[in-house]
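Trainee: Quick one: the structure is below, and I'll ask about it shortly.
Bear in mind that the values in this text are calculations on the coordinates, not laboratory data. Small disclaimer: the values here were computed from a predicted structure and weren't measured. FYI the Cβ positions are ideal-geometry reconstructions off the backbone, even for glycines, and counts take in every protein chain you see.
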Amino acid sequence: MSDRETLKVYDAQAHEYAALTESEARNTQLMAFIERLPTKAHVLDLGCGPGHCAATMAQAGMIVTATDASAEMVTLANAHDGVCARQATFDDLVEHATYDAIWANFSLLHAPRADMPRYLAACAYALKPNGVFHIGLKLGDGEARDALGRFYTYYSQDELLGLLQTAGLTVINIQTGRTKGLDGTMADWITVTSHG
């Protein structure tokens, strides 16, 4: 994700976003994701934000690579014990068969729809055989900016499942919900766990 307006929001409101998402570190989906992985699994936290999930994975014994396009988010992520985060965009994911798992929790929703197939293909390419992939997106259709100016692409469940299948990923689990975001509005979301 390299949309300048979106990055400006995250850089300016990194601490507010960190406070809003602090509970992610105790997320039941994150715990289930960790339980699927072998000891000392190498995990990519793609779009790690303030690093709450990366820190939880590191505390659980995972070897965590964390990336985010926002410099301020990378700074916050690196403040957690066991987290080594670096600034990178989705286009920088070029590794092959490197990760036991990829956690892309509400990060790829900032990518333009036209780019999603190649980003999912890059994730599948970066996974080791039978590696685990988690993605979180907002449900809906079209592309739009929220009240803060952040760019979003919205997906239906069927569209997302089709994209994952095209990327060569097999769905394991689907969850949906509704949560208040940084912009103060309620939004419907979907998370999907799959494997290569």
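Trainee: Taking a cut-off of 20 Å between Cα atoms, list the aspartates and glutamates near residue 40, but don't count ones fewer than 8 places away on the same chain.
Mentor: Straight-distance partners of residue 40: 81, 95, 100.
Trainee: Could you put 52, 42, 96 in order, starting from the residue whose Cβ has the fewest other Cβ atoms within 10 Å?
Mentor: 96, 42, 52
Trainee: With each label point set 7 Å from Cα along the Cα-Cβ vector, what nm distance links residue 147 and residue 40?
Mentor: 4.9
Trainee: Given the options 98, 67, 39, state which has the largest fluctuation in a GNM of the chain using a 10 Å cut-off (strictly under) for Cα springs.
Mentor: Ranking 98, 67, 39 by mean-square fluctuation puts 39 first.
Trainee: Can you compute the modelled spin-label distance between residue 159 and residue 63, with each label point 7 Å from Cα toward Cβ, in nm?
Mentor: Output for this residue pair reads 3.8 nm.
Trainee: Give me 171, 74 sorted ascending by neighbouring Cβ count inside 10 Å, so fewest comes first.
Mentor: 171, 74
Trainee: On to the next question. With every atom except the alpha carbons ignored, what do you get for Rg and Dmax of the chain, in angstroms?
Mentor: In Å, with Rg to one decimal and Dmax whole: 15.2, 42.
Trainee: Once you've got the GNM for the chain with C-alpha springs shorter than 10 Å, pick whichever of 34, 63, 172 has the biggest mean-square fluctuation.
Mentor: Of 34, 63, 172, the most mobile in the Gaussian network model is 172.
Trainee: Would you look at the GNM of the chain, springs on alpha carbons closer than 10 Å, and say which of 65, 179, 153 moves the most?
Mentor: In this elastic network of the chain, the residue with the biggest mean-square fluctuation among 65, 179, 153 is 179.
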